[in-house]
Every structure is written in structure tokens, then in C-alpha cells.
Amino acid sequence: PALSPAYESMWPMSARISFEAWRMTGIDHAIAISENTRDELLQVSGWDPSRVSVVYHGVDTEVFNPEAQPGEEARVRELTGERPYLFYVGGYDKRKQVPLLVEAFCRRLDELDQDLVLAGRMDPGERRVLDALIPDDAKPRVRFCGYVAPDLLPALYRQATAHVTPSMYEGFGMTLTEGFAC
């Protein structure tokens with residue numbers, strides 16, 4: 001199988017193979033977070049498939065669950081406003097395709113009852129790119145929360161109309177698992 005487009009674009013193949021081979025020196029067995037990650041590891045390493053096992057992630061259901069906590073709605077509304085919202089949480093690197101999400105949301109603004117709430121750390125350059133995509137009439141409907149404290153994250157998932165993940169590539173997709181649990 002071919003490597004993901006996000007991974008392929010990082011370095012030339014010869015450099016990736018050399019680096020990965022060096023990094024894996026002395027490892028007898030590896031654990032991958034998904035079949036896809038396992039396949040990519042086997043492709044890059046050249047290892048025998050018996051040397052890599054898949055152990056899927058899980059979530060702490062004491063934290064990520066559908067049970068709303070007392071006062072969480074008010075805490076969430078401080079960040080998101082009063083309107084229902086679509087929720088994105090994660091990184092802002094190219095493979096996450098957040099600009100595509102923002103553009104699509106803004107194109108359909110008149111058809112949506114929800115705002116778009118974006119959470120996760122982003123650098124100033126990433127923020128400038130996103131700000132430039134948002135027309136003036138959409139600015140009040142796109143909210144940037146930045147880093148969200150871990151104790152508030154499950155509430156943001158629970159209160160959202162939907163959790164959106166426009167990513168072109170994920171090794172596993174932990175935010176999807178968290179969102180489903182909530």
C-alpha cells in the first residue's frame with residue numbers, strides 16, 4: 001500500500017526509509033494504533049508482519065460519556081455562545097483540512113442553524129489563514145476556543161450538534177472515538 005499523502009509530502013522516500021530504519025534499530029516488536037498505521041510501519045520498516053501488533057485506542061468512559069455534568073451547559077455556552085454548534089477539535093496541520101471545513105461552513109452559512117466552534121492550539125500563521133477565509137457576515141458564527149481544558153472537552157462534545165473531522169488522513173482518529181463516547 002502507498003503511504004498517506006500527508007506522510008509522503010514530508011520527506012523524499014529515501015530519507016524517510018533511512019530515518020525510520022535508524023529509529024527502529026533494536027526494536028523486537030512494535031504496537032500500532034490501527035491496521036493502517038501497521039501497514040505503513042511495515043512498508044517503511046520492511047519488517048516481517050509478525051513483528052507488529054495492532055492494539056486499538058480506547059477512551060476513559062468515566063470521562064468521555066453521554067452523561068452531562070451539573071453546570072456544564074453554562075460553562076460550554078461561555079465558549080460557544082447560545083446557538084447550537086458544529087464542533088472541531090484537533091490540530092491545524094495541512095492533513096487536518098480545517099481551511100476546507102471553514103470554507104464549506106461559510107458557503108452554507110445561510111442553510112445552517114449552527115455555528116462552527118474550533119478548538120485546539122494553533123499558531124498565529126494558522127489563525128491568519130483561517131481568518132482570511134471567513135467573510136465578514138460569517139465572523140460571528142465561527143468561534144475559536146484555542147486550547148480547551150481536559151475537564152471541559154467532554155462537555156463540548158456532548159453539547160455539540162455534531163463533531164466534525166475533515167481530515168484527509170488519521171493514524172487512528174482519537175477525537176472521533178471521544179466524540180462517539182460522548
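Each reported figure results from applying straightforward, stated rules to the coordinates on display, with no laboratory input. Please read these numbers as outputs of a predicted model, since none were measured by experiment. Note: ideal-geometry Cβ built from the backbone for every residue, glycine included; neighbour counts use all protein chains shown.
The table below lists the values:
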item: Fraction of antiparallel bridges per DSSP, the chain only, in percent to nearest 5; result: 0 percent
item: Top of 114, 159, 69 by mean-square fluctuation, Gaussian network on the chain, Cα under 10 Å; result: 69
item: Spin-label pair residue 24/residue 108, simplified geometry with 7 Å Cα→Cβ offset, distance in nm; result: 4.0 nm
item: Where N is the number of residues in segment 59-99, Cα Rg divided by 2.2 N^0.38 Å; result: 1.52
item: From the coordinates shown, Kirkwood radius over Cα pairs in Å corresponds to which of (i) 16.5; (ii) 16.9; (iii) 18.5; result: (iii)
item: Charged-residue dipole, Cβ positions (Lys, Arg, Asp, Glu), the chain about Cα centre, Debye nearest 20; result: 420 debye
item: Relative packing of peptides 40-50, 80-90 - highest average C-beta neighbours within 10 Å first; result: 80-90, 40-50
item: Efficiency of FRET from Cβ geometry, residue 136 and residue 177, R₀ 45 Å, rounded to 0.05; result: 0.80
item: Longest to shortest principal axis, alpha-carbon extents of segment 94-148, angstrom; result: 29, 21, 20
item: Theoretical ellipticity at 222 nm over the chain - DSSP helices of four or more residues, -39500 (n - 2.57) apiece, nearest 500; result: -10500 deg cm²/dmol
